[in-house]
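Asks: Following this message is one structure expressed as structure tokens.
The values are calculated or read from the model by the stated rules, or taken from the named source; none is laboratory data. Treat the numbers as computed from the prediction; the structure is a model and nothing was measured. Glycine gets a Cβ as well: all are built from the backbone with ideal geometry, and neighbour counts include every protein chain shown. When the accessible area is computed, the model is the full protein with side chains, heavy atoms only, and any ligands, DNA or RNA have been set aside. Shrake-Rupley method; radii C 1.70, N 1.55, O 1.52, S 1.80 Å.
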Amino acid sequence: MIALALASCTPQVPPSTPQVPPSTSGALPRRGPDARAQPAAPVLARLDTQPTTQRPQPTAPITWTSADQIGEPGAGEPRIDHSGQDGARGATMADRLDRLFAEDSRAQQALDPLGALARGDPVPHDVLVLLFTPDLVARQRSVNDHSLVRLAAIDRAALDPAHRLSYEVFRQTLLDQRALLAPSAQALLGVQPFNHFMGFPVEFPEMAATAEGGSLHTLADVDSRLELERALPVLFANAEQRFREGIASGVVEPRLTVAHMIAEIDTILAQPPAQSLFIAPARSVPRDLPAARRHRIEHAFLATTTDTVYPAYRQLRRFLAETYLPSARDSVGLSAIPGGTALYRLLVREQTTLALDPDAVHQIGLGEVARIQADMHKVEAELGSTVPLRAFFDQIRSDARFHPRSADDLGRGFRQVGERVARMAPHYFLHLPRTALAIQPFPAYRSRFEAGGTYSEGMPDGSRPGVFWYNTFDWPHRFMTGVTTLYLHEGAPGHHFQISLAQENETLPDMQRFGGNAAYVEGWALYAETLGYDMGLYRDPMQHWGTLDDEMLRAMRLVVDTGLHTRGWTRDQAIGYMLDNSGIGRLDATAEVDRYIANPGQALAYKIGAMTIQRLRDEARTALGARFDIRAFHDQVLGSGALPMAVLEDKIHAWIAEQAAQGQVQARNPR
């Protein structure tokens with residue numbers, strides 16, 4: 001899962017892509033392709049490296065050996081370049097399309113206050129205060145309509161192949177966005193502006209504290225940051241108004257997610273203002289400033305936190321506890337709210353980029369669960385167990401050899417895997433990211449509410465590494481068996497390779513360079529876990545068990561997510577299914593189910609995306625035989641940035657046909 005953010009992701013929404021508007025969700029970008037590259041920041045702005053009671057110091061990041069150092073580059077294709085054109089008419093159409101990309105990007109960014117905050121860009125006050133309002137959605141809908149009209153006037157057939165691919169990405173993204181911006185969808189999405197899962201209230205403190213919230217180069221930057229924090233009461237009031245509209249229409253969050261939101265706010269308010277993340281910017285002002293001026297800045301941040309920020313959080317908590325919680329629903333699935341069944345299909349389309357029938361997805365999940373359980377039986381025997389599989393699940397939950405002996409054990413395990421992957425990566429990839437990867441534990445204030453690991457993207461200019469975050473909360477009940485597969489997914493070659501290679505590829509349009517959809521981003525990361533078989537990382541039965549257990553998690557998601565939102569499953573029923581069919585601990589199973597409740601459809605993207613990539617790899621290997629080069633295949637999958645599944649499939653099929661044709665020519669004309 002991407003900590004953007006997509007981290008995820010879910011990955012976060014990119015700055016320049018037609019996107020799900022901020023008003024449809026309070027989620028901020030973490031793991032994923034959403035943050036825009038910024039110039040290297042001076043020491044003044046490096047708020048993320050300032051010591052606090054919450055944030056651990058980073059370990060040395062991991063870098064990769066160039067693929068050029070290990071032999072022939074193979075049959076890989078060069079990265080897509082939009083500079084080549086086919087004739088004067090093609091150039092004209094391509095230029096028009098590029099202008100449309102750029103103008104739509106500017107218009108989208110101007111109406112995306114959450115994305116601007118994540119990028120560290122200044123946010124005009126008159127736009128910031130529109131957050132969580134119908135007015136902002138109406139303006140975004142107008143931009144979307146205008147871009148669709150202009151796109152329809154461009155002759156796709158007159159474009160070169162690279163632009164035709166980008167045209168399709170843009171078209172599908174605009175259409176998906178239009179569906180989410182439609183009044184019928186907003187009547188359900190807009191009145192649930194955020195919840196506990198990657199929601200605005202819990203993400204805002206860290207954004208305010210770090211360089212992601214904007215660099216403090218000058219005193220004007222200090223004033224801008226203070227103005228941002230002083231706007232918080234207005235933003236929370238906007239959200240409160242939307243929640244009230246939901247109460248009136250009967251479209252409300254489950255009681256469970258509201259209780260989680262209240263608990264998160266309590267965690268924020270439990271810290272004294274002087275120790276909170278909202279004060280962190282004051283610690284990053286230049287040391288050469290006169291002491292009196294530094295004191296005034298520190299006092300201003302403390303006063304704003306004490307007099308404005310904390311009261312805003314208290315008011316939001318009061319509303320949630322006294323007004324919204326009593327009106328919240330006991331049910332947890334979308335089918336329990338008016339229009340919820342149609343909304344779930346819409347969200348499935350958004351997350352997977354495919355028009356899937358939830359019943360069919362449920363059946364696919366059941367089939368995958370049965371297949372993986374058969375493999376688990378074999379590995380269980382290798383681990384010396386002969387008890388029934390469900391009894392073995394219980395056994396590993398309590399057997400000390402499957403668990404860390406300390407929190408440091410987890411960190412050492414992840415770093416060891418990272419070093420092995422770094423040595424082997426050139427054998428599987430033609431292009432390796434320049435961006436380094438750091439491995440760090442979650443800050444304490446976040447760890448209780450986070451998954452086992454997430455990813456935060458770095459900057460393509462090298463000013464900030466990507467970060468693989470791992471969770472040490474309740475470490476005695478976490479598993480050492482999952483160290484390899486989790487690192488492959490969240491770190492390398494999963495999210496870190498996919499996101500970094502896209503961001504570093506300046507030939508791509510911004511929507512492909514910084515954008516993303518969950519099926520591609522999470523599908524690639526889950527596919528990356530399977531590369532552990534090719535790399536020999538699962539010869540250890542402990543780690544083999546771990547990857548099967550994680551694959552089982554993704555298969556169970558197909559069953560549980562559709563069960564919760566279309567079949568009336570309860571929370572306890574969903575948790576019980578996961579405990580019965582895998583070795584997942586109760587703590588993790590509960591967190592997973594609560595996530596599916598809060599973020600419907602997103603969990604489907606992992607398995608759907610990975611199965612698509614795996615199927616395409618099998619098709620390429622079968623069609624090309626000895627000419628198949630896994631490095632070239634990976635270059636094709638990653639070389640155009642994040643693509644909808646149908647666009648990716650068309651691209652790979654075209655590449656297979658081209659490679660097959662080249663093979664036939666060479667066969668007819670041997671050297």
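Asks: Answer yes or no as to whether Ile337 is more than 16 Å from Phe243 (Cα to Cα) and under 32 Å from the mean Cα position of the chain (by Cα).
Replies: no
Asks: For the stretch 75-104, what are the residues that are at pLDDT 90 or above and either hydrophobic (A, V, I, L, M, F, W, C) or buried (at least 20 other Cβ atoms within 10 Å of the Cβ) (or both)? Break it down stepwise before answering.
Replies: Of the residues in the stretch 75-104, the ones at pLDDT 90 or above are 93-104.
Within the stretch 75-104, Met93, Ala94, Leu97, Leu100, Phe101, Ala102, Asp104 qualify.
Asks: Residue under question is Gly601, and the condition is that it be small (Gly, Ala, Ser) and open to solvent by less than 20 Å² (accessible area, probe 1.4 Å); does it hold?
Replies: Answer is yes for this residue.
Asks: When the residues of the stretch 306-334 are filtered to those that are within 30 Å of the chain's Cα centre (by Cα) and among the small types (Gly, Ala, Ser), which remaining residue is surrounded by the most Cβ atoms within 10 Å (Cβ to Cβ)?
Replies: Only one residue tops the list, namely Gly333.
Asks: Might you let me know whether the stretch 521-541 holds any residue that is of a type in the set (Val, Ile, Thr), in a helix (DSSP H, G or I), at pLDDT 95 or above and surrounded by fewer than 24 Cβ atoms within 10 Å (Cβ to Cβ)? Before you say what the answer is, go through the steps one by one.
Replies: Applying the first criterion (of a type in the set (Val, Ile, Thr)) to the stretch 521-541 yields 521, 530.
Among the residues that remain, those that are also in a helix (DSSP H, G or I) are: 521, 530.
Next, only the ones that are at pLDDT 95 or above stay: 521, 530.
Okay, now just the ones that are also surrounded by fewer than 24 Cβ atoms within 10 Å (Cβ to Cβ), so 530.
Looking through the stretch 521-541, at least one residue is of a type in the set (Val, Ile, Thr), in a helix (DSSP H, G or I), at pLDDT 95 or above and surrounded by fewer than 24 Cβ atoms within 10 Å (Cβ to Cβ).
Asks: Given the options Val369, Val361, name the one that is buried (at least 20 other Cβ atoms within 10 Å of the Cβ) and either of a type in the set (D, E, K, R) or modelled with pLDDT of 95 or more (or both). Spell out the reasoning first.
Replies: Details: Val369 fails: buried (at least 20 other Cβ atoms within 10 Å of the Cβ).
On inspection, the qualifying residue turns out to be Val361.
Asks: Do you know which of the residues in the stretch 604-624 that are polar (S, T, N, Q) and open to solvent by 20 Å² or more (accessible area, probe 1.4 Å) is nearest to Ala519 (Cα to Cα)?
Replies: Gln614
Asks: Within the stretch 486-495, is even one residue open to solvent by 10 Å² or more (accessible area, probe 1.4 Å) and modelled with pLDDT of 95 or more?
Replies: The answer is yes, given that some residue of the stretch 486-495 is open to solvent by 10 Å² or more (accessible area, probe 1.4 Å) and modelled with pLDDT of 95 or more.
Asks: Are any residues in the stretch 166-187 more than 23 Å from Arg513 (Cα to Cα) and either open to solvent by 20 Å² or more (accessible area, probe 1.4 Å) or among the hydroxyl-bearing types (Ser, Thr, Tyr) (or both), and if so, which ones?
Replies: Scanning the stretch 166-187 gives Ala179, Ala182, Pro183, Ser184, Ala187.
Asks: Listed residues Thr562, Thr547; which is in a helix (DSSP H, G or I), farther than 30 Å from Ser335 by Cβ and not small (Gly, Ala, Ser)?
Replies: Unique residue meeting the criteria: Thr547.
Asks: Moving on to the next point. Residues that are out of contact with any helix residue (DSSP H, G or I) (no Cβ under 7 Å at 6 or more places or on another chain) and open to solvent by 40 Å² or more (accessible area, probe 1.4 Å): does the stretch 223-233 have at least one?
Replies: Yes, the stretch 223-233 contains a residue that is out of contact with any helix residue (DSSP H, G or I) (no Cβ under 7 Å at 6 or more places or on another chain) and open to solvent by 40 Å² or more (accessible area, probe 1.4 Å).
Asks: Additional query: Inside the stretch 585-671, counting only helices (runs of 4 or more DSSP H) that do not spill past its ends, which hold 3 or more residues that are over 28 Å from the mean Cα position of the chain (by Cα)?
Replies: Passing ranges, in order: 604-624, 645-668.
Asks: Of all residues in the stretch 418-449, how many are at pLDDT below 95 and assigned to a helix (DSSP H, G or I)?
Replies: Of the residues in the stretch 418-449, 4 are at pLDDT below 95 and assigned to a helix (DSSP H, G or I).
Asks: Can I ask one more? For residues that are aliphatic (A, V, I, L, M) and not in a helix (DSSP H, G or I), scanning just the stretch 137-176, find the one that is farthest from Gln636 (Cα to Cα).
Replies: Result: Ala153.
Residue-wise test of (1) open to solvent by 40 Å² or more (accessible area, probe 1.4 Å); (2) among the aliphatic types (A, V, I, L, M); (3) in contact with a helix residue (DSSP H, G or I) (Cβ under 7 Å, 6 or more places away or on another chain).
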| site | (1), (2), (3) |
| --- | --- |
| Ile262 | no, yes, yes |
| Pro286 | yes, no, yes |
| Ala292 | yes, yes, no |
| Thr304 | no, no, yes |
| Thr352 | no, no, yes |
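Asks: Among the residues that make up the stretch 380-391, is at least one of them on the phi > 0 side of the Ramachandran plot, open to solvent by less than 60 Å² (accessible area, probe 1.4 Å) and modelled with pLDDT of 95 or more?
Replies: no
Asks: Please name all residue pairs, on different chains or six or more residues apart, with Cβ atoms under 9 Å, provided the first residue is in the stretch 286-301 and is modelled with pLDDT under 85 and the second residue is part of a loop (DSSP other than H, G, I, E, B) and surrounded by 10 or more Cβ atoms within 10 Å (Cβ to Cβ).
Replies: So the pair list comes out as Pro286/Pro42; Pro286/Leu216.
Asks: If a residue must be hydrophobic (A, V, I, L, M, F, W, C) and more than 20 Å from Tyr520 (Cα to Cα), how many such residues does the stretch 592-634 contain?
Replies: Qualifying residue count, the stretch 592-634: 7.
Asks: Of all residues in the stretch 427-445 being within 23 Å of Ala632 (Cα to Cα) and of a type in the set (A, V, I, L, M, F, W, C), which is nearest to the chain's Cα centre (by Cα)?
Replies: Here the residue is Ala436.
Asks: Let me ask something else. Assuming Ala589 fulfils every condition listed in (1) modelled with pLDDT of 95 or more; (2) open to solvent by less than 10 Å² (accessible area, probe 1.4 Å) apart from one, which condition is it?
Replies: Of (1) modelled with pLDDT of 95 or more; (2) open to solvent by less than 10 Å² (accessible area, probe 1.4 Å), only one is false for Ala589: (1).
Asks: Which of the residues belonging to the stretch 276-298 are over 36 Å from the mean Cα position of the chain (by Cα), of a type in the set (A, V, I, L, M) and in a loop (DSSP other than H, G, I, E, B)?
Replies: Residue satisfying the conditions is Leu289 alone.
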